[in-house]
Each structure stands twice: as C-alpha cells, then as structure tokens.
1. Does LEU4 meet the test of being of a type in the set (A, V, I, L, M), over 24 Å from GLY366 (Cα atoms), touching a residue at least 24 places away in the same chain (Cβ under 8 Å) and surrounded by fewer than 24 Cβ atoms within 10 Å (Cβ to Cβ)?
2. So which residues in region 346-379 are away from the ligand (no atom under 14 Å from the Cβ) and in a loop (DSSP other than H, G, I, E, B)?
3. Quick one: would you say ASN350 is closer than 30 Å to HIS261 by Cα, at pLDDT 95 or above and touching a His at 6+ places or on another chain (Cβ under 7 Å)?
4. If ASP385 satisfies all but one of (1) away from the ligand (no atom under 16 Å from the Cβ); (2) among the acidic types (Asp, Glu); (3) buried (at least 16 other Cβ atoms within 10 Å of the Cβ), what's the number of the condition it fails?
5. Pick out the one residue from VAL397, VAL407, VAL343 that is away from the ligand (no atom under 14 Å from the Cβ), assigned to a loop (DSSP other than H, G, I, E, B), surrounded by 15 or more Cβ atoms within 10 Å (Cβ to Cβ) and not aromatic (Phe, Trp, Tyr).
6. Limited to region 125-156, what total is found for residues that are closer than 20 Å to MET228 by Cα, among the small types (Gly, Ala, Ser) and either part of a helix (DSSP H, G or I) or modelled with pLDDT under 95 (or both)?
7. State all residues of region 66-98 that are in contact with a helix residue (DSSP H, G or I) (Cβ under 6 Å, 6 or more places away or on another chain) and surrounded by fewer than 19 Cβ atoms within 10 Å (Cβ to Cβ); if no residue qualifies, say none.
8. Taking into account only those residues within region 423-450 that are closer than 30 Å to TRP353 by Cα and among the hydroxyl-bearing types (Ser, Thr, Tyr), which is nearest to the ligand (Cβ to nearest atom)?
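The values are calculated or read from the model by the stated rules, or taken from the named source; none is laboratory data. This is a predicted model, so every value here is computed, not measured. Cβ atoms come from the backbone with ideal geometry, glycine included; neighbour counts cover every protein chain shown.
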Amino acid sequence: MSDLFPKDFLWGGAVAANQVEGAYNEGGKGLSIQDVLPHGIKTPPTAEPTPDNLKLEAIDFYHRYPDDIALLAEMGFKVFRTSIAWSRIFPRGDEEEPNEEGLAFYDRLFDELDKYGITSLVTISHYETPLHLARTYNGWTDRRLIDFYLKYCEVIFRRWGDRVPYWLTFNEINSVLHFPFVSGGIATPKDELSRADLYQAIHHEFVASAAATKLAREIMPQARIGCMVVAAPVYPLTPDPRDVLAAMHTDHDSLAFSDVHVRGEYPGYFLRRLREEGVDLKMGDDDLRILKENTVDFVSFSYYMSVCESGTREVPAGEGNIVGGIPNPTLPASEWGWQIDPVGLRIVLNQFWDRWQKPLFIVENGLGAKDVLVEGPDGTPTVDDDYRIDYLNDHLVQVREAIADGVDVMGYTTWGCIDCVSASTAELSKRYGFIYVDRNDDGTGTLARYRKKSFGWYRDVIASRGATL
Ligand code: BGP
C-alpha cells in the first residue's frame, strides 16, 4: 500500500464566521450571541456589544477575504471550511425575508474560492445563533427554532446548493452539554438550566439536523451532509473495570450525538440516561420518523485532545480541557492545558469507522500557541513555529496510519488556518494559524498578514500528498 494520502484527499483549513469576519454590524447583520461574549465561552454574556470584544472586528476577514484566500491558495488548499453567520442572513432569526446584503457577501466569498478551485465546506451554525433567538426564545429549548433554522437552511441551500458540496448542520453539536449558551443559544445560565430543558433543546437540534438533511437532499441532491461533533477519546485512568466503565459512560455522552445522526435513533444507553434523570422528551408525531429517514452521509469532528475518566476516585477535572475530564499523566499539554495526543486521533478514527462505517472528515485539529514575530531571512516578519509543525506533523502521521488501518478519511482541515479569535478565551493571542495576523489582545495592531514557518511546511505536505511528513 502506498504511504501517500489518497489523490482526492481534501486538504485545507477551517475557520468560523464569528471568529474571523468582524464587521459585526455591517451589511445588515443582526447581533449574534458572540457579539455579547467579550471574554469567551466560560463567561456570562454582556447586555450589549462592548468595545473589548475582539470578535466585533476579529481579523476583518469580511473586507480582506480576497487576500486571505489568495494565501490559502498559495498553500495549495483543496478545501476551506467556514460558517455562514446566521445573523447576516436572518438578522434576528425569525424574519420572513432574508437579508440580501448578507447573501451577497457569501456570493462574493464563494466566487473567490471558486477562482482558485478551492472547495467549500460550510458549517450552517457555528456557535453564532442570532442573539434575538437566544433572548426571546431561549434558543434551542424552544421548538420554534426548528422552523427558523429550516427556513435559513432553505435559503442558503437554494442559493449555494450548486457550488457548496459539503455541509455540516451544527458545529460540535455535543458541546451543548458543556456550553448551553454558546452551543445552543440557551440564555438560562448553565447552573440554573434543568436537565429536561437541556435534553429538549438537544432533541430539537437533532430533529432540525435531520430535517435539514431531508431538505438538502430535495434541493441539492449532489451535496453531502455531515454531522459535526467534538471527538475526545475517554481513557480509563487505570485498568480497574470500574474506571473502564466510567470511561465508557463518559464516551457515550458524546457518542450519542453521532449515533443519532448516523443510526437515526436514540441509543438504548441514552434512553436509560433520560429515564434515570427523569426526563420525558416532548416529541412531535413525526420526530422519530424524521430522525430515522434522514441520516447523514459522513461524520465530521474536531480533535484536540483525549481525556481520562475514573469510576473509583474523585480526581479534579483538568481546567483547560474544553470537555473537562481528568488529565492524563502520560501526556504533555498546551499552554492552555489541552493535552496533546496524536495517537488518540488514530484511535478515534478507528473507533468511529468501526462503529458507523461512514466516511470521516477531520474538520478541526491544531495547536493554540503564543507566537512571537521575528525577522525572516528576507527581512519579512515571520514566526518560527516549529512546535506547531511538530503537533500537526504528528497528528497527520496518525491519520495516515488510520487510513492504512482501512479507515475512510475524506479530508483534514486544520483549525484556524489563519489566526483568529479564540472561541474559549476570546483572545487573539491563542493562535493556530499558518498565517500570522497582526492584532493583539488589546485590539491594537495593523491587521497585516505574515506567513509563518508552518505555512511552507503545510504547502509541502499538501503538494507531496504527505510524503514530507
Ligand atoms: C472548537 C471550536 C472552534 C475553535 C476551536 C479552538 O471547539 O469549534 O470554534 O475555536 O475549538 O478552540 P479555541 O479557539 O478555544 O482555542
């Protein structure tokens, strides 16, 4: 077997509208939940947008996208993942008619990508629910969100169905368990949110995702629809069977989300959880049929870390890990405590493939780090980000191993291919990109773009189909 990646492997990078675009109140855009979250995912929202919110301007991709896409093309990108900002299309979320100016922006963006032959991979909802839907309806706890979402989907499918071949219904849909406001637009603070309301919101998202898949097949039969989850393998802290069982239970919390999307029904372990928590889901007459008949074409996921679990002792959860969990004593961690585990990526790829036999797409992976600009050999500023190269290299080697294991992997998009505002901290100093953006956490900076050392490294990896790894 060749140790090169497949010829049609989709190499690229990923961002989300709210983390790059800026222009938060231009082009008729309404406010999104991100516009009132100046300090990140773990902090409460403000009443109005505040000047310390870096996302309001972000990296000004809204105005600078032609130059940015030219840089991505220079690296040889085959695919670019971004999201559509829902509140550019429906500023409040519940209007009758879409905002034409918002649609026109994405027309221009897709034109630019087409110019270079870069395929678009679109996240329909990436942590950017229109704020009005959060404040007036309490987000996805309200069943009416399904109709608002489907109306939005219908507009964007009709507009771009012939040019966007890959769609993801919700970013990291399982993260609603951890961040109800950011992930589900649920305004009730997490510690006051009942389990019944949380699971009801999850049910609404499942039905919306399946109904969107149905709509997609009617409007754009050639498109492929995927679910998107946070993948973080859960290892037992010790070989004690009780630790193994606890790890399985924690894993189930996440797997339930893709199980529903792929198998079209609630798994038994999830129904048991609902019973034990005394939750009785309110269902529409057709909900279960909609889930069953409209399963996804592929499973996509973000992969940053693995975690440990114990069923025998109380161990403090790792602060830095997005999904909590006990730190693994055998692994190093990033500056933010995210544990670095390339082999875990191979494990997850095999686990998901064994479980569903559906093509898999790694749509986020990368290292957040504090980069330092230095003068490059030609006098142009650059970053010697060997740590990022090492991280990505090690993970891609494991992807190649998984492909050799027989796993069907469609592609790989690194997170934050151009520096962008962090989802968890809302800072710019947590950088992931191949392209450095001159903007600091205090909002200063010229917004100039500079190629980091990893830029040339990734270009060579893509051009050689992984031979340089
Ligand atoms: C994922 C989100 C992204 C992204 C990434 C990196 O959870 O889907 O939006 O931001 O994590 O996280 P952070 O920006 O917090 O480092």
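1. On the way: of a type in the set (A, V, I, L, M): yes; over 24 Å from GLY366 (Cα atoms): no; touching a residue at least 24 places away in the same chain (Cβ under 8 Å): yes; surrounded by fewer than 24 Cβ atoms within 10 Å (Cβ to Cβ): yes.
It is false that LEU4 is of a type in the set (A, V, I, L, M), over 24 Å from GLY366 (Cα atoms), touching a residue at least 24 places away in the same chain (Cβ under 8 Å) and surrounded by fewer than 24 Cβ atoms within 10 Å (Cβ to Cβ).
2. Correct list: GLN357, LYS358, PRO359, VAL372, LEU373, GLY376, PRO377, ASP378, GLY379.
3. On the way: closer than 30 Å to HIS261 by Cα: yes; at pLDDT 95 or above: yes; touching a His at 6+ places or on another chain (Cβ under 7 Å): no.
When the stated conditions are applied, ASN350 does not pass them.
4. Result: ASP385 passes all but (1).
5. Working: VAL397 fails: assigned to a loop (DSSP other than H, G, I, E, B); VAL343 fails: assigned to a loop (DSSP other than H, G, I, E, B).
Result: VAL407 is the single residue among VAL397, VAL407, VAL343 that is away from the ligand (no atom under 14 Å from the Cβ), assigned to a loop (DSSP other than H, G, I, E, B), surrounded by 15 or more Cβ atoms within 10 Å (Cβ to Cβ) and not aromatic (Phe, Trp, Tyr).
6. 1
7. PRO66, GLY76, ARG92, ASP94
8. Restricting attention to region 423-450, the residues satisfying the condition of being closer than 30 Å to TRP353 by Cα are 423-424, 432-434.
If we keep only those that are among the hydroxyl-bearing types (Ser, Thr, Tyr) as well, we get 424, 432.
Values: SER424: 3, TYR432: 7 Å.
My answer is SER424.
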